[in-house]
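Below is one structure, written out as structure tokens, with a few remarks after it.
Values in this text are rule-based calculations from the coordinates and carry no lab data. Worth saying up front: this structure is predicted, and the values here are computed from it rather than measured. Backbone-built Cβ (ideal geometry, glycine too); neighbour counts: all protein chains shown.
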């Protein structure tokens with residue numbers, strides 16, 4: 001396996017592809033104008049959006065192989081690794097790549113919004129699969145950015161290009177929302193598996209051994225990236241993944257309070273809390289009362 005090619009600048013990638021750099025901080029590449037692309041694993045130190053327009057095999061993204069299907073968008077954040085490393089090349093590629101360096105965003109409204117575009121931290125198998133209408137919109141956004149890059153750089157260039165990229169990313173947010181909705185059957189299955197995972201976590205004693213379940217742990221067990229998993233749960237339930245976990249924890253604690261005579265400290269340690277007051281704080285935040293008050297209320301209701 002050859003060494004990973006580190007791409008620090010937009011020009012580094014353009015030089016790799018053999019195309020001209022029109023702007024030092026942003027580039028729009030039309031792959032149909034390139035005869036072939038050498039295969040190489042690359043670490044991108046800038047944001048990249050790949051739009052694949054025809055099938056041409058697998059790529060490696062992170063540690064996984066990804067069937068890069070026709071009509072999908074794949075998002076790569078700075079310091080992520082992507083690409084194949086088999087000594088071959090892709091002849092007659094077809095699609096686009098939009099690259100923009102974080103420095104382009106400085107002092108622009110988009111800089112403060114990048115954290116909203118969580119899809120840059122999704123895994124490759126969580127790519128955006130678009131409808132025909134959505135493909136047309138994305139191609140239009142790409143062409144608009146490409147058109148602006150044909151102008152000489154002036155004091156307006158940065159703001160105009162950043163604004164166009166923001167429109168593109170906002171469309172991607174909308175399309176991901178649609179993708180979550182159209183995959184509701186799959187999402188329901190994920191939710192069921194999430195609930196079972198949490199139930200087994202407590203029943204197996206894992207909480208007492210390793211502490212409270214985290215979003216990262218649950219996402220990994222269900223084979224999702226934490227960001228995609230969190231967005232999926234939010235779209236499906238209206239609650240964040242951590243809120244959902246906290247509700248499951250409190251339900252487990254309620255069972256213990258109602259069905260056993262264990263102390264609050266014993267229940268806290270069994271459910272993964274490091275200190276009993278951490279349990280009391282979470283319990284009151286979720287239920288509005290502390291564990292002892294809940295136990296007393298439950299005992300009164302049963303005695304009536």
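Observations, loosely collected:
- Site pair residue 184 and residue 92 shows an inter-label distance of 4.3 nm when each label is modelled 7 Å from Cα along Cα→Cβ.
- Between 0 and 90 degrees, the angle of helix 226-237 with respect to the longest Cα principal axis of the chain falls at about 60 degrees.
- Each Cα pair of the range 101-194 feeds into the Kirkwood radius, which the Stokes-Einstein equation turns, at 20 °C and 1.002 mPa s, into a diffusion coefficient of 141 µm²/s.
- Kirkwood-type radius of the chain, with distances r between different C-alpha atoms, in Å: 22.2 Å
- Mean shadow area of the range 185-303 over all directions, Cα convex hull, nm²: 7.8 nm²
- Relative contact order [Cα under 8 Å, 6+ residues apart], the chain, whole percent: 14 percent
- With each label modelled as a point 7 angstrom along the Cα→C-beta vector, the residue 281-residue 107 pair spans 4.1 nm.
- MRE, 222 nm, helices only [DSSP H, n ≥ 4, -39500 (n - 2.57), over the chain, to nearest 500]: -15500 deg cm²/dmol
- The range 213-270, relative contact order in percent, only Cα pairs under 8 angstrom and at least six apart counted: 24 percent
- Short-range pairs are left out: with C-alpha atoms under 8 Å and at least six residues apart, the relative contact order of the range 5-181 is 25 percent.
- Computed from Cα positions, the angle between helix 184-203 and the longest principal axis of the chain comes to roughly 50 degrees.
- Of all DSSP beta bridges confined to the chain, the antiparallel ones make up roughly 90%.
- By the beta-carbon count within 10 Å of each Cβ, the least crowded to most crowded order of 143, 7, fewest first, is 143, 7.
- For the range 187-213 and the range 117-149, distance of Cα centres in Å: 35 Å
- Where only C-alpha atoms are counted, convex hull volume of the range 5-181 per residue in Å³: 107 Å³
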